[in-house]
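The values are calculated or read from the model by the stated rules, or taken from the named source; none is laboratory data. In this text the structure is predicted, and so the values were computed from the model without any measurement. Virtual Cβ from ideal backbone geometry, glycine too; neighbours counted across all protein chains shown. Please note that ligands, DNA and RNA were not included when accessible areas were found on the heavy atoms of the full protein model with its side chains. Shrake-Rupley method; radii C 1.70, N 1.55, O 1.52, S 1.80 Å.
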Amino acid sequence: MDKSLKPATIAAHAAGAIDPQSGGVVPALQPSTTYLRDENYAPLRPDNIYSRADSDNLRQAEEVLRALEGAAETMLFPSGMAAISAVFRTLPNGSRVIVQSGIYWGTTAWVRDFCARREIALLEVDAEDLITACQSGKADLVFIETPSNPWLKTVDIQAVANASDAVLVVDATAATPILTRALDHGADIVMHSATKGINGHSDVLAGVLSTRNNEADIWEMIRADRKMAGAILGSFEAWMLTRAMRTLPLRVERMSQNAQGLSEHLLAHDAVDDVFYPGLPSHAGHETAVRQMTGGFGSLLSVLVKGDKKKALNVVGKLQVFLRATSLGGVESLVEHRHTIEPHTGIPENLIRVSVGIEDINDLIADWDQALV
Ligand SMILES: Cc1ncc(COP(=O)(O)O)c(C=O)c1O
């Protein structure tokens, strides 16, 4: 597709994927795991040998994401965690990594365990202290998450990139490539749990990595490891993802508008202590978010209700439109009482994490109003 096309056009056209065989305007689902060779044993399609290496459906989904990120190359994985672990597995024993603290708990837990087993020096640093940490010691890899889940901290990607020679990996799941193109801000690799906003329908598990430099050693290692160790996304999931991404810019726009409206409403509510959302001027990372995010501030926010754990659980229990379930970025709004899931991480007992969907904003506000009583 023409490189100058805007994200909404790239997404709506699935970066030009069609089905040349039938003339269909959407790509066909091709689930074959293996591909034919001719009588001279030459592959009919040298790019299709065995689906642990590649497949048409995978390439189609990757091309949409590559074009949206402005990346040199994009690779899909069977989950967000599979994508994160593919990055960390490239590190040799004895490396040194800096990882932002207070990020998605699953990442922190896996990275701690992995680094301990590999004798990798792990420095966990608050978002506010990342620049100093990067300047004061050499690192092989820096891993940040912006906006962070569930604290919604906003990290200045360019400032971190400028502060270190390390490979900078950014988990931009809560932003999606529509709101932040992390590679444009100095990231070497951008990662997303495509399970969230990118797919947006809570029915596909996937992860994605995109790079600025597909000849970098780390990227070559990740590419080889994905193929050899088999951490690849299946054709069906890739096909579903391509379908879902046609509406990604529209969904992100509506979700961001709803999240902005709901966070403003809740911040002004008597029964609420605070709201963490990058779109609120009161938010510590608001200025950075304004510089770094385009078209909105995402679907994720966290609410501190007035009262204790009992009160928070009571509010969560009374919500009707917001479904009580983990995850984020789907078209349906979700809530989660994170303290119940990760009581040991210092998450406040009165914090409710909210993923805002594409419903009517009046229904969303009315639901919270009745639940907060
Ligand atoms: C910010 C963030 N990164 C990574 C992940 C992991 O993604 P997955 O569940 O697709 O493995 C999650 C999941 O919640 C997440 O919120």
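Annotations
- Residues in the range 59-88 that are open to solvent by less than 30 Å² (accessible area, probe 1.4 Å), more than 16 Å from the ligand (Cβ to nearest atom) and assigned to a loop (DSSP other than H, G, I, E, B): Ala71 only.
- Residues being open to solvent by less than 10 Å² (accessible area, probe 1.4 Å), aliphatic (A, V, I, L, M) and part of a strand (DSSP E or B) - total across the range 89-124: 3
- Checked against the criterion of being open to solvent by 10 Å² or more (accessible area, probe 1.4 Å) and of a type in the set (Gly, Ala, Ser), the candidates Ala366, Ala312 yield just one match: Ala366.
- Looking across the range 283-298 at every residue that is in contact (Cβ under 8 Å) with a residue 24 or more places away in the chain and open to solvent by 80 Å² or more (accessible area, probe 1.4 Å), the one that is farthest from Asp171 (Cα to Cα) is identified as Ala284.
Quick grid of which residues meet (1) of a type in the set (A, V, I, L, M); (2) out of contact with any His (no Cβ under 7 Å at 6 or more places or on another chain); (3) over 18 Å from Arg251 (Cβ atoms):
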position: Ala163; (1), (2), (3): yes, yes, yes
position: Leu168; (1), (2), (3): yes, yes, yes
position: Ile178; (1), (2), (3): yes, yes, no
position: Ala182; (1), (2), (3): yes, yes, yes
position: Ala187; (1), (2), (3): yes, yes, yes
position: Val190; (1), (2), (3): yes, yes, yes
position: Thr195; (1), (2), (3): no, yes, no
position: Asp203; (1), (2), (3): no, yes, no
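- Of the residues making up the range 254-262, not a single one is open to solvent by less than 70 Å² (accessible area, probe 1.4 Å), in a loop (DSSP other than H, G, I, E, B) and free of Cβ contacts under 8 Å to residues at least 60 places away in the same chain.
- Residues of the range 129-182 satisfying the condition of being hydroxyl-bearing (Ser, Thr, Tyr) and either part of a loop (DSSP other than H, G, I, E, B) or more than 16 Å from the ligand (Cβ to nearest atom) (or both): Thr132, Ser136, Thr146, Ser148, Thr154, Ser164, Thr173, Thr180
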